[in-house]
Every structure is written in structure tokens, then in C-alpha cells.
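The values are calculated or read from the model by the stated rules, or taken from the named source; none is laboratory data. Keep in mind that what you see is a predicted model, and the values were worked out from it rather than measured. Cβ placement follows ideal geometry from the backbone for every residue including glycine, while neighbour counts extend to all protein chains displayed. Ligands, DNA and RNA are excluded from the accessible area calculation, which covers all protein heavy atoms including side chains. Shrake-Rupley method; radii C 1.70, N 1.55, O 1.52, S 1.80 Å.
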Amino acid sequence: QLQLEESGPGLLKPSETLSLTCTVSGVSISSNTNYWGWIRQPPGKGLEWIGTTYKSGSNYYSPSLKSRVTISEDSSKNQLSLKVRSVTAADTAVYYCARLVTATLVFDIWGQGTMVTVSS
Amino acid sequence: DIQMTQSPSTLSASIGDRVTLTCRASQSIDYWLAWYQQKPGKAPKLLISKASTLESGVPPRFSGSGSGTEFTLTINRLQPDDFATYYCQQWNAYIQTFGQGTKVEIK
């Protein structure tokens, strides 16, 4: 059974780098039938797509975040990671990782989310 | 960038009602559209993919339609478990966007 679990520091100061990990169980992240994405949700607001990692190291990011975001995979640990540089209070949100189904290009399995607060 | 606009922002309805939520894309996305349901404190749940394909386990009172730039999610005979926020999401040229959401609340 496929499961995703996000982890990382809950509190950051402005200008720091946010680093989150998504541990995937039940399937290899290197499988050709799976892509992986990150989505966030500020408190009381809607969902915002951050980026998706495809095969052959091809990553695509939201244009509004592209300059500050990096997504990478560690197949030896079966983990996905997200880094957001130079955070501000506007980066305060619940961060989710999710599987993108190759055939339908939708996120069908989500982690439970992890809350990140940026505050001085 | 493709913008997704959902309407209405909030919809008040009663148990047993039929409700229709709309999602409009700023340019054609063919049928690459999904609908999600989210309840407070929970991760979104996928309901529909490719505009009209119901996911396994989703009750048949949910249905999706549309293509190009205009899409709808219809819930027939609204049930207590259906009061939630619904989001559409598009995929185009590897870039994805969510709509701002429609909250379905009890009248």
C-alpha cells in the first residue's frame, strides 16, 4: 500500500532555507509509472502547486516559485526532498507531497502534510 | 500561465440538493482536469480525473464534465459527508495550477 509521509522543521526564521523530506513506502520512487510533486496550502487559503519531478531528472516548478525552489529524489532512501530558499512569512503553509499518476496527470495519493511556520 | 477560476467561491445547499460547481481555464487544457475534495485538517482527496473519470471508490452521485476551457462538477442528492471545499486542478505542458476552491456549506 502506497504511503507518503512528510517531515521537516516546523519553524524557520525569515531568510533561512526550508528543507522537507517525503518518505515513500509501498512503491519505488524510481518506478516509471510514478511522478512526484509538492503542493502547499497557507492557513485558511487554497492549494498552490509548487513543482513536480518527472523522469530523467526533469523537474518543473511553479513560475512564481521557480527561482527559490528545488525538488530532488534520493532513490537509495526512497525519499523526495523539497528546498525553498530565502523564506518569508508568505511561505508559512502546510506542505504536502503527492504522487502524480502518469496516465491521468493527477495527484492520487497524498501525504498527511506538515505545517511550516516562518517567523522571527 | 494558465489561470483556473472556480465559481462560486461559496455555495450554500441543503441535504438532497443537486449542486454544480464550475471551473474555467484561461486557455484550452483539453480534458486534463481533476477535481479534489478537501475537509478541514485533511489532505485533498481525488474525485475525478481527465475531466469526467470517476476515481475508484468515489460515490456515483459525483460527476464531472467539460473540455477545453469550461468544466463542471455536479453532486446529485447532496449528503452530509459532501460538505467540504472542492478544488479543480489542470495540467498543461508540465505546469499545474489549482483553482481557488469552492466551499460547499450547509444552508
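Miscellaneous remarks
- Scanning segment A:1-40 for residues that are β-branched (V, I, T) and in contact with a strand residue (DSSP E or B) (Cβ under 7 Å, 6 or more places away or on another chain) gives A:T17, A:T21, A:T23, A:V24, A:V27, A:I29, A:I39.
- Within segment B:40-57, being within 28 Å of A:V94 (Cα to Cα) and in contact (Cβ under 8 Å) with a residue 12 or more places away in the chain holds for B:P44, B:L46, B:L47, B:I48, B:S49, B:K50, B:A51.
- Checked across segment A:67-79, the condition of being within 19 Å of B:D1 (Cβ to Cβ) and in a strand (DSSP E or B) holds for at least one residue.
- Of the strands (runs of 3 or more DSSP E) lying entirely inside segment B:25-107, those carrying at least 3 residues that are crowded, with 17+ Cβ neighbours inside 10 Å and more than 11 Å from chain A (Cβ to nearest Cβ) are B:62-67, B:70-75.
- Of the candidates A:S81, A:S72, the single residue that is at pLDDT below 95 and under 10 Å from the mean Cα position of the chain (by Cα) is A:S72.
- Once segment A:61-93 is narrowed to residues that are crowded, with 19+ Cβ neighbours inside 10 Å and within 12 Å of chain B (Cβ to nearest Cβ), the residue that is nearest to A:P42 (Cα to Cα) is A:S62.
- Close pairs from segment A:22-44: first modelled with pLDDT of 95 or more, partner of a type in the set (D, E) and open to solvent by less than 30 Å² (accessible area, probe 1.4 Å), Cβ under 7 Å, at least 6 apart: A:C22/A:E6
- Extreme residue, surrounded by the most Cβ atoms within 10 Å (Cβ to Cβ), among residues of segment A:20-60 that are closer than 13 Å to A:A93 by Cβ and more than 9 Å from every other protein chain (Cβ to nearest Cβ): A:W38
- Filter result for A:S119 (open to solvent by 50 Å² or more (accessible area, probe 1.4 Å), at pLDDT below 95 and more than 14 Å from every other protein chain (Cβ to nearest Cβ)): no
- Residue list for segment A:92-105, filter: in contact with a Lys or Arg (Cβ under 8 Å, 6 or more places away or on another chain) and outside any strand (DSSP E or B): A:T104
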